[in-house]
1. Using a Förster radius of 30 Å, what is the FRET efficiency between residue 225 and residue 74 based on their Cβ-Cβ separation? Nearest 0.05, please.
2. Relative contact order (percent) for segment 183-261, with alpha-carbon contacts under 8 angstrom and 6 or more residues of separation?
3. As a test of understanding, state the convex hull volume per residue of segment 216-263 from its alpha carbons, in Å³.
4. Given a Förster radius of 22 Å and the C-beta distance between residue 247 and residue 58 as r, what FRET efficiency does 1/(1 + (r/R0)^6) yield to the nearest 0.05?
5. If R₀ is 22 angstrom, what is the calculated FRET efficiency for the pair residue 236 and residue 214, using the beta carbon separation as r and rounding to 0.05?
């Protein structure tokens, strides 16, 4: 046993003996009817306080929802420059690139297809994919917390609905398992629809313009309590809007983000 460990052991012994003496002194002053409640050690009390603090500070998944912004837009580029922030974009259970981005060692989409090849229960398959997806995201969140980073997801809502084939949107899926903080970034529907159509992969059929607008309206209706940011406001007042986003998502703001974004754009 090292000298340091011996010292710590001796210190704990002295603390416990002191607490025992205090306990005996208090017992002498108690009336016979008073029930004796065992006192925990100082170390146990410290551990309990740490556990309570950890439970109260559960790390959330932060999401920026948008509808048809280019992946290289000024806003998404600016979010990527935030200090100690890990940004993931366009993720959903059917997106295999998400598994590559977090280097998941778990079952792949290919093996899921093989497992369910002979079954007609598609609902069971979809639920299994969702569980794997949420588990992978949980590991990513824990890894980010371990290295002092915050996880931020940029959710291209209509694209995920088109290519994700799930009735639940990403926010609803994540709320099953995580504490979530979200903001909505909204832009003019005509412009965002053109960007959305260009982003839809060839194997999928994009929503019509009316369906696209209805999808956005439904999302706003279901999530009426979420703060809304206009993309056009970010273009004219980037610092103010970025401060608002950071405040809503509890992210660190730095005035240097404009300089960092400019460096990435070169």
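Read the figures in this text as sums done on the coordinates, not as results from a lab. A quick note: this is a predicted structure, and the numbers were derived from the prediction, not measured. We place every Cβ from the backbone using ideal geometry, glycine too, and count neighbours over all the protein chains shown.
1. My answer for the efficiency is 0.65.
2. RCO, segment 183-261: 40 percent.
3. Per residue, the Cα convex hull of segment 216-263 comes to 91 Å³.
4. Working from the Cβ atoms, E equals 0.65.
5. For R0 = 22 Å, the calculated efficiency reads 0.15.
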